[in-house]
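To start, the structure under review is shown below, and the notes come after it.
The values are calculated or read from the model by the stated rules, or taken from the named source; none is laboratory data. This one's a predicted model, so the numbers in the text were calculated from it and none came from an experiment. Quick reminder, even Gly has a Cβ in these numbers, built from the backbone with ideal geometry, and neighbours come from all protein chains shown. Each accessible area value is taken on the protein alone, full model and side chains, heavy atoms only, with ligands, DNA and RNA left out. Shrake-Rupley method; radii C 1.70, N 1.55, O 1.52, S 1.80 Å.
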Amino acid sequence: MMTDTRKRLVIFDFDGVLIDSENIALEELRNCIGAYGVEIDLAETRARFLGSSVADHMAFITERTGRPCPDSFRADWHERLYGRYRKELQLVPGAAATLSGLDEAGIPYAIATGGAVERLNVGLECTGLTERFDGRAFSAELVARGKPAPDIFIYTAEQIGVPASDCLVVEDAPHGTRGALAAGMRVAGFTGGSHFEAMRDRAAETLLHAGAEVIVDTHAALLDYVLEWADELPE
């Protein structure tokens, strides 16, 4: 376990905050759900599943079809997703500069994602972030309950050795926002991913309603806000 003597930590959601993955994921999730017998459009897919887990996807299929969702769904969905990742996945614009800025300021950071461990690792590999997040990237598969439960945020803070009250979470989804607040952390809502391109105002309203204290729509604005937040905390 690492310990930061200044007791502050920025916890990033991964998909849609650091990696620009959500359009890919939502499109392939819709396609995979369709292959399992449930037609759903992209708008409903986004509304229902942004920030959700594979268990949520499978429960939805079970509910709509009246039959248990086959266990093969998880592997089929990930095969589709990772194939697109390896061809198309990019960092959200400005994400690398934000991480470098935090390094320069001496502010530690970590990832707390609702996605699977394998999905997290593939995303890190495809965007060159594996080494940067070595030992500080955590999946909700490591805890009892996924977002919107607070478990993954509490776990992440404990692993880094920072009190929850001195953590700032950067989230693009209401599930994660509610989970971070339940963990006793502050939340900055992020709307800079390409999946919000045509709906940033609506996304901002959703995140504010979920409890985010501020909305930022670029990584440059996010870094400015994080530096201001860090200066507020006692040494």
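Using a simple charge model, +1 on the beta-carbon of Lys and Arg, -1 on the beta-carbon of Asp and Glu, nothing else, what dipole does the chain show about its Cα centre, in debye to the nearest 20?
580 debye
What base-10 log of the normalised intensity I(q)/I(0) is obtained for region 20-66 from the Debye formula, alpha carbons as equal point scatterers, at q = 0.31 Å⁻¹?
So the normalised log intensities are -1.36.
Averaged over all directions, how much area does the convex hull of the C-alpha atoms of region 7-133 cover when projected, in nm²?
About 8.4 nm², averaged over all directions.
Quick check on the chain: of the DSSP beta bridges with both residues there, what percent are antiparallel, nearest 5%?
5 percent
Tell me the net charge near ALA97. Cut-off is 12 Å between Cβ atoms, ALA97 excluded, with +1 for each Lys or Arg and -1 for each Asp or Glu.
So the surrounding residues net to -3.
Go through VAL92, GLY211, THR65 and say which Cα lies farthest out towards the positive end of the charge dipole of the chain; charges sit on Cβ, +1 for Lys and Arg, -1 for Asp and Glu.
THR65
Using only Cα atoms, what Kirkwood radius does region 147-212 have, in angstroms?
Averaging 1/r across every pair of different Cα atoms and inverting gives 12.0 Å.
Quote the charge dipole size of region 22-67 about the Cα centre in Debye, to the nearest 20; the model charges only the Cβ of Lys and Arg (+1) and of Asp and Glu (-1).
Value, rounded to 20: 160 debye.
Tilt of helix 200-210 relative to the longest C-alpha principal axis of the chain, in degrees (0 to 90, nearest 10)?
70 degrees
So what's the angle, to the nearest 10 degrees on a 0 to 90 scale, between helix 72-88 and the longest Cα principal axis of the chain?
With both axes taken from Cα atoms, the answer is about 60 degrees.
Please calculate how many Å² of accessible area region 104-201 carries per residue, with a 1.4 Å probe and no DNA, RNA or ligand atoms counted.
Here the per-residue accessible area is 37 Å².
What distance in nm separates the simple spin-label points at ALA47 and GLU205, each placed 7 Å from Cα in the Cβ direction?
That separation, rounded to one decimal, is 1.3 nm.
Give me the percent of the accessible area of the chain that comes from carbon and sulfur atoms, probe 1.4 Å, all protein chains in place.
49 percent
Two-decimal Rg/Rh of region 117-181 from alpha-carbon positions, Kirkwood Rh?
0.96
Using the alpha-carbon centroid of each, what span in Å lies between region 179-235 and region 65-134?
About 19 Å separates the Cα centre of region 179-235 from the one of region 65-134.
Just subtract the alpha-carbon distance of ASN31 and ALA97 from 0.36 nm times their residue separation and send over the number in nm, one decimal.
Here the answer is 20.4 nm.
Taking the chain as the reference, fit the longest principal axis to its C-alpha atoms, fit the long axis of helix 117-126 to the helix C-alpha atoms, and give the angle between the two in degrees, 0 to 90, nearest 10.
70 degrees
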